[in-house]
Every structure is written in structure tokens, then in C-alpha cells.
Amino acid sequence: MQQDSVKKILFLGRFSKNFSSLLLAIFRLNKLLFNLKIGSGVHTMLSIREVVKEAFNIGLLTVEAEEQLRQLLQTKYDAKDFRAFMLLQHAVVSGSIRQESREPAIRQEPLAIAS
């Protein structure tokens, strides 16, 4: 299952035509590798600031990052995390950061060329 996910991510990255799609593919691969570490017993909890920083780096709030934020917001967090979350909300509302869950689905299979 995880090997199929890696292949799909690499496929998206290899054939993506724009830089943000490539960054998204890299982010998802990093996320998958992070999940593998968690599964192997090495657990490092990300902070809200780290998730927000990643969204600003790639200019996109991914579905995975949204889920991480939901989980992290249910735990105890500090004022710096709260400020980072508020900055992210403002950036999404203003359009500086795109929100993957609100965008049309990206086609993952190659397009057929008619002859």
C-alpha cells in the first residue's frame, strides 16, 4: 500500500509541469516517510508552527496538513502556535496560500492523445 503511494507521488512529480505541483509531490513524499517513522516507533510530534511553515514554503495548505492541524489544535499549544495558525488563516482567506481541499481535483492519470 505505502509502496503504491510512493510510486504515485513520484509519478506526479515526474510529470508535473509546474513548480508548485512538484513541491506538493515532495511534501507528500516527506509526509509519507514521516508516517513510516511513526509506524516504526520513532514518534516526533510536529508543532502547529512547523505545519504552518511548510504551508508557507510551498504556498499551499494540503489536505494532510489540514488534518494535522485539526489534531494538533485538540492538544495543548502555546501562544506562538496560536499566532502561526492565525497567520495561516489570514493568508488562506487573503489568497496568499492556496487551500488544496477547496481546489478542483488534480487529474492523476496521464491524458490520452488522440491520433
- [ ] Residues being assigned to a helix (DSSP H, G or I) and under 20 Å from Arg98 (Cβ atoms): count how many of those fall in segment 50-87.
- [x] 21
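Quick one: count up the residues across segment 47-61 that are among the polar types (S, T, N, Q) and over 11 Å from Ala84 (Cα atoms).
Of segment 47-61, the ones among the polar types (S, T, N, Q) are 47, 57.
So of that shortlist, the ones also over 11 Å from Ala84 (Cα atoms) come out as 57.
The total comes to 1.
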Task: segment 73-85 residues that are without any contact (Cβ under 8 Å) to a residue 40 or more places away in the chain, paired with ones that are among the small types (Gly, Ala, Ser) (beta carbon under 8 Å, 6 or more apart) - done: Tyr77/Ser47; Asp81/Ser47
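Every read-out reported here was derived from the displayed coordinates using simple, explicitly stated rules and does not represent laboratory data. Please read all numbers here as calculations on a predicted model, not as lab measurements. With ideal geometry, Cβ positions are generated from the backbone for all residues, glycine too; neighbour counts draw on all protein chains shown.
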